[in-house]
Amino acid sequence: MAKTLLIIEDNEQNYYMMRYLLEKKGFKVIGAENGKLGVEAALQHKPDAILLDIQLPEMDGYAVAAELKKHADLANVPIIAVTSYAMVGDREHILAAGATGYIEKPINPDTFVAEISQFVGQDSAKPE
Ligand code: MN
């Protein structure tokens, strides 16, 4: 069964690029455009992993990660923060807030899906 990823991202271009790359490899993708909707979608869909932007309307990524960690049924769902290259301090902050790991923006289309697959396992992804 295809693994389901939730992308919480307010930038449409980033969202569509991540979605395109992941769907091409066989993942099912759900999107949320702000932090509040992202928490709701996580609780409703119980995705296999969550890709989390930091700068978001309504609730920022730190607040979203902290909120998700309060729910026992989401405790084992990896949260992958998508952080800007320059924001080194933010990475420590988001890991402390509950993220499992992070990847850097801008997204590199050549390595993005492989990086995400490390967090969710490769078995559902289509081969090259
Ligand atoms: Mn953003």
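Spacing of the modelled spin labels on TYR20 and ALA75, each 7 Å from Cα toward Cβ, amounts to 4.0 nm.
Could you work out the per residue convex hull volume over the alpha carbons of the chain, in cubic angstrom?
Normalising the Cα hull of the chain by residue number yields 91 Å³.
Counted residue by residue at 0.36 nm each, then reduced by the alpha carbon distance between them, the extension gain from LEU95 to ALA66 reaches 9.4 nm. Here's the picture: charge each Lys and Arg Cβ at +1 and each Asp and Glu Cβ at -1 in the chain, and of ALA114, ALA65, ILE103 the one pushed furthest to the positive end of that dipole is ALA114.
Counting only C-alpha contacts under 8 Å and six or more residues apart, can you give the relative contact order of region 4-119 as a whole percent? Show your work: numbers first, answer last.
On the way: 195 pairs, mean separation 28.1, N = 116.
RCO, region 4-119: 24 percent.
Carbon and sulfur: what percent of the chain's accessible surface (1.4 Å probe)? Carbon and sulfur atoms account for 50 percent of the accessible area of the chain.
Rounded to the nearest 20 debye, the dipole magnitude of the chain is 360 debye, with +1 charges on Lys and Arg beta carbons, -1 on Asp and Glu beta carbons, and the Cα centre as origin.
Once you keep just the Cα pairs under 8 angstrom separated by 6 or more residues, what percentage relative contact order results for region 1-71? The partial results should precede the final answer.
Numbers: 107 pairs, mean separation 27.0, N = 71.
After rounding, I find 38 percent.
Need one word for region 75-117: rounded, prolate or oblate. Basis is the Cα gyration tensor (sqrt eigenvalues a ≥ b ≥ c); a/c below 1.5 gives rounded, then a/b vs b/c decides. Verdict is oblate for region 75-117. In this structure the chain gives 53 Å² per residue of accessible area when probed at 1.4 Å with all protein chains present. Rounded to the nearest 0.05, the FRET efficiency derived from the C-beta distance between ASP110 and ASN11 at R0 = 22 Å is 0.65.
The values are calculated or read from the model by the stated rules, or taken from the named source; none is laboratory data. Quantities reported herein were computed from a predicted structural model and do not represent experimental measurements. A quick note on method: Cβ atoms are made from the backbone with ideal geometry, for glycine too, and the neighbour counts reach across all protein chains shown. Side chains are part of the model used for accessible areas, which takes the heavy atoms of the whole protein and leaves out ligands, DNA and RNA. Shrake-Rupley method; radii C 1.70, N 1.55, O 1.52, S 1.80 Å.
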